[in-house]
Amino acid sequence: MAKNSIEAYGASGKTNVLSFETSALHLINDHTHPLYDERIHLPLDEGMVLNIMELGVLEPIIVWKDPETGKTCVVDGRQRVRHTREANARLEKEGKDTLLVPAVVKRGSSVRMSQYMVSANEIRQADTPLGRAKKMAAQLERGHDETDLALLFGCGVKTVRETLALLDCTQAVQDAVEAGHVTVTAARQLSTMPPEEQREKVRELTQASQETTGHTRARRQREVLGTDKPRLKTRKEITKALVDATGDYAAALRWVLGGADA
C-alpha cells in the first residue's frame, strides 16, 4: 500500500499549496493600503523573466483574501507574480502553455498581513558574491555552460564570468568583496594580476573607499585600477587617445572608430 506524502518524506505535517492564474492575483498599488509596497513599480528584470519561463515559480507566494473586496491579494511575492505575467505573455505568443503561481493562503487582518509582508522581505539573507561564485562553479562541473548559468542565476553571461573570476582571486580580494569594499567587477580585473599585486591593489581600493560613497567612491577606485579614462566625444579626441593606448582600451577605441565609419 502506497504511503501518503507525510509518511514518504518523514514530515510532521502539511499545508495546502494552491495554484493561481496570474490574472486571479491582485497586486496592491494603492499607497494608503497596509499591504502597499513601492517595489511594485520596479522595472522588470529580464533574467528573472527568462528564469521563470524555463523553471516556473519555484517558491510559493503568500496570498490573503480581502474580506471587504473578495480579491485574492498578494502579501509576499509581488515580483514573482509580475515576472510570471510577462513570462506568460511571451509563452502565449510562442503557442506554449502558460504558468501557474503556487501560493500559500494566510488568514487574519490586513494589519497582520502587513506584518507577514515586512517579515518575509526583511529576514531574507541574500547570497554573498563568493557564495554565488562557488555555486556557479559547481554547476559548471556538472556539465552546464555559461549560458545555462546565466539562465539559472537570472543574470547575464558577463556577470557569470565576473562572478566566477572571484575564485581566481587571493583571499584578501575575496574578503574585500564579501565586506563590500570592492565590487565584483573590480575583483575580475584584480584576478588577472599576480597575487602580491592583488593584495597591494585591494589595500589601495579599500583605503580609497573609506568615508566615500556613490560616484566619488567609484571614481577613486577606478583611479586605483587605472580605468578612470576621460570621456571622449569627438573622432579627433579618440584618434589622439589611440596613439598612447594599449591592450583592451586600445581595442575599444578602434572599435569606436570603426563604428563611426559605418
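The values are calculated or read from the model by the stated rules, or taken from the named source; none is laboratory data. Every value quoted in this text rests on a predicted model; they were computed, and no experiment measured them. All Cβ positions, even for glycine, are placed from backbone atoms using ideal geometry, and neighbour counts span all protein chains on display.
A few notes on this one:
- Candidates GLU7, GLU54: the one that is closer than 30 Å to VAL157 by Cα and assigned to a helix (DSSP H, G or I) is GLU54.
- Selection of helices (runs of 4 or more DSSP H) fully inside segment 160-226 by the criterion of at least 1 residues being assigned by TED's automatic domain parsing to the domain that holds ALA133, modelled with pLDDT of 85 or more and surrounded by 19 or more Cβ atoms within 10 Å (Cβ to Cβ) returns 171-178, 184-191, 195-209.
- Hey, GLY131 surrounded by fewer than 17 Cβ atoms within 10 Å (Cβ to Cβ) and in a loop (DSSP other than H, G, I, E, B) or not: no
- Within segment 70-85, being more than 17 Å from the chain's Cα centre (by Cα) and either outside the structural domain of ALA103 (by TED's automatic domain parsing) or touching a residue at least 24 places away in the same chain (Cβ under 8 Å) (or both) holds for LYS71, THR72, CYS73, VAL74, VAL75, ASP76, ARG85.
- Positions within segment 10-51 being of a type in the set (Asp, Glu) and farther than 19 Å from GLY154 by Cα, in sequence order: GLU21, ASP30, ASP37, GLU38
- LEU58 passes every criterion in (1) over 23 Å from SER110 (Cβ atoms); (2) out of contact with any Lys or Arg (no Cβ under 7 Å at 6 or more places or on another chain); (3) surrounded by 13 or more Cβ atoms within 10 Å (Cβ to Cβ) apart from (3).
- Residues that are part of a helix (DSSP H, G or I) and in contact (Cβ under 8 Å) with a residue 60 or more places away in the chain were ranked within segment 35-51; the one that is surrounded by the most Cβ atoms within 10 Å (Cβ to Cβ) is ASN51.
- Verdict on VAL101 being under 26 Å from LEU149 (Cα atoms), among the β-branched types (Val, Ile, Thr) and surrounded by 15 or more Cβ atoms within 10 Å (Cβ to Cβ): yes
- In segment 134-154, residue surrounded by the fewest Cβ atoms within 10 Å (Cβ to Cβ) [restricted to those that are touching a Leu at 6+ places or on another chain (Cβ under 8 Å) and in a loop (DSSP other than H, G, I, E, B)]: HIS144
- Look at (1) surrounded by 19 or more Cβ atoms within 10 Å (Cβ to Cβ); (2) in contact with a strand residue (DSSP E or B) (Cβ under 9 Å, 6 or more places away or on another chain); (3) in a helix (DSSP H, G or I) and you find that VAL74 fails only one, number (3).
- Scope segment 97-116; condition in contact with a Lys or Arg (Cβ under 9 Å, 6 or more places away or on another chain) and either assigned by TED's automatic domain parsing to the domain that holds THR163 or assigned to a helix (DSSP H, G or I) (or both); matching residues: ARG112, MET113, TYR116
- If you go through segment 104-121 and keep only what is more than 11 Å from ASP76 (Cβ to Cβ) and of a type in the set (Lys, Arg), you end up with ARG107, ARG112.
- Selection status of ARG132, of a type in the set (D, E, K, R) and at pLDDT below 90: no
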